[in-house]
Amino acid sequence: MSDIAVNLADVHARIGAACEKSGSSVEDVTLIAVSKTFSADHVNQAYAAGQCHFGENKQQEAEWKIPLCPSSVQWHFIGQLQRNKVRKVLPMFSMIHSIDSLRLASYTNDLAHELGIFPKVFLQVNLAGELSKAGFSAEELWSSWDLLMGLDRLEIQGLMTVPPVSEQPEKSRHWFAGLRLLRDELQQKTDTRLPSLSMGMSGDYSIAIEEGATHVRVGSAIFGGRDYGLTNSP
Ligand SMILES: *Cc1c(COP(=O)(O)O)cnc(C)c1O
């Protein structure tokens, strides 16, 4: 087996253990292999080992990489999305995890109308209020909710978050639990369905699953360390 296949098997074992611990089913968790900075060959090796969902965070990088990969790969956009990239991103990706403002949501909805599509999206929440990160605050999400629900082209799957960076994975638990609580409250008080929670990365995906993650975004635990030189060309 390739290193990537070995790493994938290990990640699946850990996902299984976390599901067992939390009483959830492995079928309820989608593993997204985050291939940013890695080559199409890395994607193809993971695909050969059974991995179908991949994550990218930059439109320009996805543009060269996606055509070099199997067409049945499901691509997830997980990076900060600039308005001028939405038109290109929409047809390339099956889900966008990073709708981080009402303005971006509304613009994406307009373009979806024009393109005749119904994009699946997550609303990104910045629970810790970090200035370095994008996302709705909990307050903004509540106050924007009626307008967000009026965006008839967006199929809102649920919420996404990236907790503050920490050396200790256990520190993320508080934020993951917070995202789940916010989701539960929104569902109950606004009578909407938000089935999905996109949370957890290489260091803390087990904890995220214990707290209810349905989509984990795992890069380095599958592909190894990153060389950011690879982002602009194959
Ligand atoms: C890079 C990235 C990941 C994956 O990070 P790893 O630590 O390599 O697993 C997950 N989510 C987002 C938003 C990212 O940008």
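Annotations
- Condition check for Ile32: surrounded by 18 or more Cβ atoms within 10 Å (Cβ to Cβ) and away from the ligand (no atom under 13 Å from the Cβ): no
- Taking the conditions (1) touching a helix residue (DSSP H, G or I) at 6+ places or on another chain (Cβ under 9 Å); (2) within 20 Å of Thr190 (Cα to Cα); (3) of a type in the set (D, E, K, R) in turn, Lys120 satisfies each one other than (1).
- Annotation: Val121 fulfils all but one of (1) aliphatic (A, V, I, L, M); (2) under 21 Å from Gln82 (Cβ atoms); (3) in a loop (DSSP other than H, G, I, E, B); the unmet one is (3).
- Residue within segment 63-73 that is within 12 Å of the chain's Cα centre (by Cα) and hydrophobic (A, V, I, L, M, F, W, C) present: no
- Filtered by the rule that a residue be open to solvent by 10 Å² or more (accessible area, probe 1.4 Å) and either outside any loop (DSSP other than H, G, I, E, B) or under 12 Å from Ile156 (Cβ atoms) (or both), segment 124-135 gives a lone residue, Gln124.
Results for (1) at pLDDT below 95; (2) within 13 Å of the ligand (Cβ to nearest atom); (3) on the phi < 0 side of the Ramachandran plot; (4) open to solvent by 10 Å² or more (accessible area, probe 1.4 Å), shown as yes or no for each residue.
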| residue | (1), (2), (3), (4) |
| --- | --- |
| Glu140 | no, no, yes, yes |
| Ser143 | no, no, yes, yes |
| Leu148 | no, no, yes, no |
| Pro163 | no, yes, yes, yes |
| Arg183 | no, no, yes, yes |
| Lys189 | no, no, yes, yes |
| Met201 | no, yes, yes, yes |
| Glu210 | no, no, yes, yes |
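- Yes/no for Glu114 being open to solvent by 60 Å² or more (accessible area, probe 1.4 Å) and without any contact (Cβ under 8 Å) to a residue 12 or more places away in the chain: yes
- Among the residues listed as Ala49, Ala13, Ala18, the single one being touching an Asp or Glu at 6+ places or on another chain (Cβ under 8 Å), among the aliphatic types (A, V, I, L, M) and farther than 26 Å from Arg83 by Cβ: Ala18
- Segment 22-33 residues that are at negative phi and of a type in the set (A, V, I, L, M), paired with ones that are more than 16 Å from the ligand (Cβ to nearest atom) and open to solvent by less than 50 Å² (accessible area, probe 1.4 Å) (beta carbon under 7 Å, 6 or more apart): Val26/Gly16; Val26/Cys19; Val29/Cys19
- Positions within segment 55-68 being within 19 Å of Thr30 (Cβ to Cβ) and surrounded by fewer than 20 Cβ atoms within 10 Å (Cβ to Cβ), in sequence order: Ile66
- In the set (1) closer than 21 Å to Gln157 by Cα; (2) surrounded by 20 or more Cβ atoms within 10 Å (Cβ to Cβ); (3) under 19 Å from the mean Cα position of the chain (by Cα); (4) not charged (D, E, K, R), Cys52 fails one condition alone, (2).
- On the stretch given as segment 168-181, residues that are more than 12 Å from the ligand (Cβ to nearest atom) and open to solvent by less than 20 Å² (accessible area, probe 1.4 Å) total 2.
The values are calculated or read from the model by the stated rules, or taken from the named source; none is laboratory data. The model shown is predicted, which means the values in this text are computed figures rather than measured ones. Neighbour counts run over all protein chains shown; Cβ positions are idealised from the backbone, glycine included. Note: accessible area is taken over every heavy atom of the protein model, side chains too, but ligands, DNA and RNA are not part of it. Shrake-Rupley method; radii C 1.70, N 1.55, O 1.52, S 1.80 Å.
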